[in-house]
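Here the structure comes first, spelled out in structure tokens, and everything after it is commentary.
The values are calculated or read from the model by the stated rules, or taken from the named source; none is laboratory data. As the structure is a prediction and not an experimental result, all values here were calculated from the model. Counting neighbours? That spans all protein chains shown, and the Cβs are built from the backbone with ideal geometry, glycine included. These area figures cover heavy atoms from the full protein model, side chains too; ligands, DNA and RNA do not enter into them. Shrake-Rupley method; radii C 1.70, N 1.55, O 1.52, S 1.80 Å.
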Amino acid sequence: MSAQRIIIDTDPGQDDAVAILLAFASPELDVLGLTTVAGNVPLAQTTRNAKVVCELANRTDTRIFAGCDRPLSQTLVTAEHVHGATGLDGADLPEPMMPTQATHAVDFILETLRAEPEHTVTLCTLGPLTNIGAALRADPDTMRRAKAIVSMGGAYFEVGNITPAAEFNIYVDPEAADAVATSGIDWTILPLDVTHKALTSPDWIVRLNGLNTPVGTAVAGWTGFFERFDVAKYGSSGAPLHDPTVIAYLIAPDLFEGRRINVEIETASPLTRGMTVADWWRVTDRPANALFIGSINAKGYFDLITNRLATL
Ligand code: BDR
Ligand code: CA
């Protein structure tokens, strides 16, 4: 079977970085390009961080396209309090040399979907949905040529991590998330309900260091850094490893279970802006527009990541 073609839209972030590495290590996937967006840190920094990850993995052939530097209609909110000043604190890696492509990320996404056969390219989103929302506003028909959008974002049972009601990626750009929710494109959501069941552990850091590779050492360092925030916040022994769930879902969907339900995005209320209103119990007759994942085989997930990273 030929590899699934994907574009990874990302705001690295340590967990984004692990997701990108997992994709590079997976022959089932063909990464057509990385598109960057402002999120965890501003755009210049997320673009730099994407290059750091490509160079760490010796994948300097990867094309990196810088995208939107702010949400569609609100001020940017960032998360240095979680990810550190660089967004990728925790590993000592060289300043990257790779170029940024001249094409804007939104144009690259649209040009790729026009050029590739219909319903063959999957958009994997690991950050705020601004680039996807902008592309939907520019050319919704072309966007509907995508095979699917698979996103880390939102929450139902876990509610919020940046406000009491909202998860970070959706909160940063609710209008963009709403554009995706109403687009009619096949949408799979990996929410906090899943990622909060996929916690890092001291044992995992030992396994990563035991790989004795630059990738293993970097991922161990990143994990040690970003864990401290969630360990203090939740009183857990590790932190949710959010974004690699998107890539793991593509290569090992049997590790996950979810429901096809209606998911709508709150864009109006100041109190709950960015909330994913997920009809998990199907109490409305609103039509299903998303596959909302609710559970994960966490051991299988961490084994998959470790075994794949060992190949880099
Ligand atoms: C999401 O927010 C970011 O901080 C992480 O990279 C992840 O994409 C989790 O809420
Ligand atoms: Ca992210």
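Values as computed for the structure displayed
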quantity: Other-chain or far-sequence residues with amide H under 5 Å of residue 33's (modelled H); calculated: 8
quantity: Cut-off 9 Å between beta-carbons: net charge of the residues surrounding residue 87, Lys and Arg +1, Asp and Glu -1; calculated: -3
quantity: Accessible-area ranking of 303, 107, 9, largest first, probe 1.4 Å; calculated: 107, 303, 9
quantity: Pairwise centroid distance, computed over Cα atoms, of the range 30-50 with the range 164-237, Å; calculated: 16
quantity: Hull-based mean projected area of the chain, where the convex hull spans the alpha carbons, in square nanometres; calculated: 14.7
quantity: Pairs of lysine residues in the chain - Cα separation under 27 Å, sequence separation of 8 or more or cross-chain; calculated: 4
quantity: 1.4 Å probe accessible area per residue over the range 1-52, in Å²; calculated: 23
quantity: Rounded percent of accessible protein surface that carbon and sulfur make up, the range 11-161, 1.4 Å probe; calculated: 49
quantity: Mean Kyte hydropathy of -1.0 or more with a Cα span along the axis of at least 27 Å, helices from DSSP in the chain; calculated: 214-234
quantity: Beta bridge orientation in the chain: antiparallel %, DSSP, nearest 5; calculated: 30
quantity: Neighbourhood charge, 10 Å Cβ-Cβ cut-off, centred on residue 12 and excluding it, Lys, Arg +1 and Asp, Glu -1; calculated: -2
quantity: Order by protection proxy (mean Cβ within 10 Å, highest first), peptides 121-134, 249-262; calculated: 121-134, 249-262
